[in-house]
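The values are calculated or read from the model by the stated rules, or taken from the named source; none is laboratory data. If you're wondering where the values come from, they're calculated on a predicted model, not measured in any experiment. So basically every Cβ, Gly included, is an ideal-geometry build from the backbone, and we count neighbours across all protein chains shown.
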Amino acid sequence: MSHVDGNAIAGDLGAIFAGDLSMAVATCDGCGATGPVATVMVYEGMGEVLRCPECDTVLLRLIRSRGETRLDMRGIRLLRWQSAG
Ligand SMILES: [Zn+2]
């Protein structure tokens with residue numbers, strides 16, 4: 001099977017992360033709970049940490065520092081949302 005490099009998805013990723021994902025539905029990798037991102041617990045400090053309201057698993061870590069963004073989403077098993085159009 002042939003493949004292309006990551007540049008092929010750059011436009012799609014840019015469109016996704018530029019949009020409002022608060023109504024996206026996340027599935028927790030810890031307990032399988034599923035719900036809108038807007039309902040998770042958010043802790044702010046050096047960055048932002050999102051935790052599952054059911055089991056406290058860290059869903060996502062977001063750190064912005066010195067012009068760099070770090071996004072760790074390993075606690076989200078699946079993130080889904082309605083696409084525009
Ligand atoms: Zn959970």
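Looking only at region 22-39, count every residue that is at pLDDT below 95 and part of a loop (DSSP other than H, G, I, E, B) and tell me the total. The total comes to 3.
Filtered by the rule that a residue be within 11 Å of the ligand (Cβ to nearest atom) and among the polar types (S, T, N, Q), region 1-59 gives Thr27, Thr34, Thr57. Among the residues making up region 74-85, those that are more than 14 Å from the ligand (Cβ to nearest atom), exposed (fewer than 15 other Cβ atoms within 10 Å of the Cβ) and not charged (D, E, K, R) are Gln82, Ser83, Ala84, Gly85. Taking region 40-68 as the range and being polar (S, T, N, Q) and either surrounded by 12 or more Cβ atoms within 10 Å (Cβ to Cβ) or in a loop (DSSP other than H, G, I, E, B) (or both) as the test, only Thr57 passes.
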